[in-house]
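Working notes, structure below.
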Amino acid sequence: MTSNRRDFLKTAAATAAGLAIVPSVSLQAKPIFKISLAQWSLNPLLFSGELDNLDFAKVSKEHGIEAIEYVNQFFMDKAEDMKYLKEMKKRADGEGVTSLLIMCDREGALGHPDQKERMQTVENHKKWVTAATYLGCHTIRVNGYANADRNHVPDFEDDMKRVADGLHHLCVFADEHDISVVIENHGGLSSNGKWLAGVIKAADHSRAGTLPDFGNFRMNEMESYDSYRGVKELMPFATGVSVKPRVWDDDLNESDLDYEKMMRIVLDAGYRGYCGIEHGPRGAEWEGI
C-alpha cells in the first residue's frame, strides 16, 4: 500500500467518524426550494362550495403548506372589493401563510388580432395587478392566447408578436406596482416551449416571465411538446414552477414524471424559489396533494 493511499484512507476514516458523531448535519441544511400550493388543486371543493376561498390559507396551513397561489376564478367579482381582499389578507397573515401569486383566467386574449381588443385585455388584467399588490403577492399569471376564438389557426410568428405586445403593455403597468407578469404553458402555442420563450424575449420587459407547468405541454388533440425540453426552455424566465405528476413527449404520449430528472432541470437553471403543487384528483384532493 502506497503512502499516499494509506494517508487517504486514514483521512477518510477520520471524516466518517466525525460525521457519525454529528449525524444531523445534513438535516440542518437550508432547503434548496420550498413548497407552495396552487388553488386549482382544490377546484372541485371550491366549485362545489365545500371549501370557501377565504379558507384556502387556513386549510393549506393545516396540511403543512405555508405558501399559496390563488386562482381569480374563485373570487372573480372581488378584485376591487377592498373589504373582501382585506379579509383574505388578514386570514393568510393570521395563519403565517405567504401569498405568492394570482392565476388569472377569463379576461380576454392578450394577443388578440384587434389592437383595441388586445388593449382591453390588458385593461381587464390591471385590477388583478392591484389586487396582487394588496395581498402581498409578487406575480400574476396570465394566459398567452393570441385569439379568443378556439377555431383560430395558430401563426407562430404573428401570434408571438401580438402576445408579446399585450404582455409588454401589461408589464409597464405592473412595474409601477412591483408585480411581475408571467405566462404559463397553458394550451395552444403557449404549450410550445420555444414559442413561449420567444414571446418573453420579444416582450422585452424585466417584469415579463414564465410559470413552467410540468404537465401542460399538450398543445391540442393532435400535438404535444416534450415536457423536459419545454421546462428547460422556460426556466431562464421563471418566477415559479407548477409541479404535476404526469408529463408529455413530442408524440402525444403521457407518462409519470421523472421527478429527479425534472428537478435537476429546475435547479440547474439556478432556480431556488417556490415549487407549487398543482394536482388534486377529484374525490381525493388532499391525498393527491
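The values are calculated or read from the model by the stated rules, or taken from the named source; none is laboratory data. Source: prediction; values computed, not measured. Heads up, the Cβs are rebuilt from the backbone with ideal geometry, glycines too, and the neighbour counts pull from every protein chain shown. For the accessible areas, the whole protein counts, side chains as well, though only heavy atoms, and no ligand, DNA or RNA atoms are used. Shrake-Rupley method; radii C 1.70, N 1.55, O 1.52, S 1.80 Å.
Only residues that are open to solvent by less than 90 Å² (accessible area, probe 1.4 Å) and more than 11 Å from I277 (Cβ to Cβ) were counted across the range 33-50, and they come to 7. Within the range 119-178, being outside any helix (DSSP H, G or I), open to solvent by 50 Å² or more (accessible area, probe 1.4 Å) and in contact with a helix residue (DSSP H, G or I) (Cβ under 6 Å, 6 or more places away or on another chain) holds for P154, H177. A Cβ distance below 9 Å, combined with a sequence gap of six or more or placement on separate chains, defines the contacts here; from the range 70-88, residues that are in a helix (DSSP H, G or I) reach residues that are crowded, with 19+ Cβ neighbours inside 10 Å and charged (D, E, K, R) in the pairs N72/E107. Listed by first and then second residue, the pairs linking a residue in the range 165-176 that is free of Cβ contacts under 8 Å to residues at least 12 places away in the same chain to a residue that is assigned to a helix (DSSP H, G or I), with Cβ atoms under 9 Å apart and 6 or more places separating them unless they lie on different chains, are E176/V129. Taking first residues from the range 184-210 that are among the acidic types (D, E) and partners that are outside any helix (DSSP H, G or I) and open to solvent by 10 Å² or more (accessible area, probe 1.4 Å), the Cβ contacts under 7 Å between residues at least 6 apart in sequence or on separate chains come to E184/N216.
Among the residues of the range 64-79, those identified as surrounded by 12 or more Cβ atoms within 10 Å (Cβ to Cβ), closer than 24 Å to W286 by Cβ and not acidic (D, E) are I65, A67, I68, Y70, V71, N72, Q73, F74, F75. Here D114 meets each of (1) of a type in the set (D, E); (2) under 30 Å from N53 (Cα atoms); (3) surrounded by fewer than 17 Cβ atoms within 10 Å (Cβ to Cβ) with one exception, condition (2). Among the residues making up the range 80-99, those that are surrounded by 21 or more Cβ atoms within 10 Å (Cβ to Cβ) and among the small types (G, A, S) are A92, S99. Does the range 63-79 include one or more residues that are touching a strand residue (DSSP E or B) at 6+ places or on another chain (Cβ under 6 Å), charged (D, E, K, R) and either modelled with pLDDT under 95 or within 20 Å of Y134 (Cβ to Cβ) (or both)? Scanning the range 63-79, I find at least one residue that is touching a strand residue (DSSP E or B) at 6+ places or on another chain (Cβ under 6 Å), charged (D, E, K, R) and either modelled with pLDDT under 95 or within 20 Å of Y134 (Cβ to Cβ) (or both), so the answer is yes.
Any idea which residue in the range 179-199 is farthest from A269 (Cα to Cα), counting only those that are assigned to a helix (DSSP H, G or I) and in contact with a Leu (Cβ under 8 Å, 6 or more places away or on another chain)? Here the answer is L189. The condition (being within 15 Å of the chain's Cα centre (by Cα), among the basic types (K, R) and under 24 Å from E66 (Cα atoms)) is satisfied by just one residue among K244, K232: K244. Of all residues in the range 93-111, those that are more than 20 Å from K34 (Cα to Cα) have Cβ atoms under 9 Å from Cβ atoms of residues that are at pLDDT below 95 and surrounded by fewer than 24 Cβ atoms within 10 Å (Cβ to Cβ), 6 or more apart or on another chain, in G108/A148; A109/N147; A109/A148; A109/D149; A109/H152; G111/N147.
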